[in-house]
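What follows is a short report on a single structure.
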Amino acid sequence: MHVTHDPAAAVSPTIDFNSFLAVDIRVGTIVDAKPFPEARKPAWRLWIDFGPAIGVRKSSARITENHPLETLVGQQVAAVVNFPPRQIGPVVSEVLTLGFPDAEGKVVLVQPSKPVPNGGRLF
């Protein structure tokens, strides 16, 4: 799924601004988090509140190494909200929760540096 985790990788081909605008990245607050033992790779099931216009959406996130389950509720995260739902085992993931790889390639969540309103769009 991921192209590369190599920080020295070349930049992807240039896109136009409209291509960037087509990807709807919003901020939301994790309102529930549960184990996902059926996943092939360790993951958590997340319920993220994106505010009244979008509501609560589900996500499967492989963030277990850097984000203990008991610390997730209440955290704000960034996610792509306009990809089609994806079946992951018995779960439908409705949004793609975003992160960057750490030095070992484990996901670190993309989060605002201070609280912002749920549903805010990245620009």
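A few comments on the model shown:
- Screening segment 28-42 for residues that are over 24 Å from residue 123 (Cβ atoms) and of a type in the set (A, V, I, L, M, F, W, C) and picking the one that is most open to solvent (accessible area, probe 1.4 Å) gives 31.
- The residue of segment 31-63 that is nearest to residue 101 (Cα to Cα), among those that are of a type in the set (Gly, Ala, Ser) and part of a strand (DSSP E or B), is 61.
- Hey, residue 51 open to solvent by 20 Å² or more (accessible area, probe 1.4 Å) and small (Gly, Ala, Ser) or not: no
- From 62, 57, 45, residue being under 24 Å from residue 123 (Cα atoms), open to solvent by 50 Å² or more (accessible area, probe 1.4 Å) and among the basic types (Lys, Arg): 57
- Count of residues meeting criterion [of a type outside the set (A, V, I, L, M, F, W, C), in contact (Cβ under 8 Å) with a residue 12 or more places away in the chain and either part of a loop (DSSP other than H, G, I, E, B) or out of contact with any strand residue (DSSP E or B) (no Cβ under 7 Å at 6 or more places or on another chain) (or both)] in segment 64-87: 7
- Of all residues in segment 13-27 being open to solvent by less than 80 Å² (accessible area, probe 1.4 Å) and of a type in the set (A, V, I, L, M, F, W, C), the one that is farthest from residue 54 (Cα to Cα): 20
- Contact map, segment 34-55: first residue over 13 Å from residue 93 (Cβ atoms), second residue of a type outside the set (D, E, K, R) and open to solvent by less than 10 Å² (accessible area, probe 1.4 Å), Cβ cut-off under 6 Å, separation 6 or more or different chains; pairs are 49/28; 50/28.
- First in segment 89-109 and hydroxyl-bearing (Ser, Thr, Tyr), second anywhere and surrounded by fewer than 19 Cβ atoms within 10 Å (Cβ to Cβ), Cβ under 7 Å, 6 or more apart: 93/58; 93/85; 93/86
- Of all residues in segment 12-22, one or more are in a loop (DSSP other than H, G, I, E, B), within 20 Å of residue 123 (Cβ to Cβ) and aliphatic (A, V, I, L, M).
To keep it simple, each residue is scored yes or no on (1) open to solvent by less than 80 Å² (accessible area, probe 1.4 Å); (2) charged (D, E, K, R); (3) at pLDDT 95 or above.
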site: 75; (1), (2), (3): yes, no, yes
site: 78; (1), (2), (3): yes, no, yes
site: 82; (1), (2), (3): yes, no, yes
site: 89; (1), (2), (3): yes, no, no
site: 98; (1), (2), (3): yes, no, yes
site: 114; (1), (2), (3): no, yes, yes
site: 122; (1), (2), (3): no, no, yes
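- All positions within segment 100-112 that are of a type in the set (Val, Ile, Thr) and buried (at least 17 other Cβ atoms within 10 Å of the Cβ): 107
- Only residues that are acidic (Asp, Glu) and within 16 Å of the chain's Cα centre (by Cα) were counted in segment 35-55, giving 1.
The values are calculated or read from the model by the stated rules, or taken from the named source; none is laboratory data. Quantities reported herein were computed from a predicted structural model and do not represent experimental measurements. For neighbour counting, all protein chains shown are included, and Cβ atoms are generated from backbone atoms with ideal geometry for every residue, glycine included. Each accessible area value is taken on the protein alone, full model and side chains, heavy atoms only, with ligands, DNA and RNA left out. Shrake-Rupley method; radii C 1.70, N 1.55, O 1.52, S 1.80 Å.
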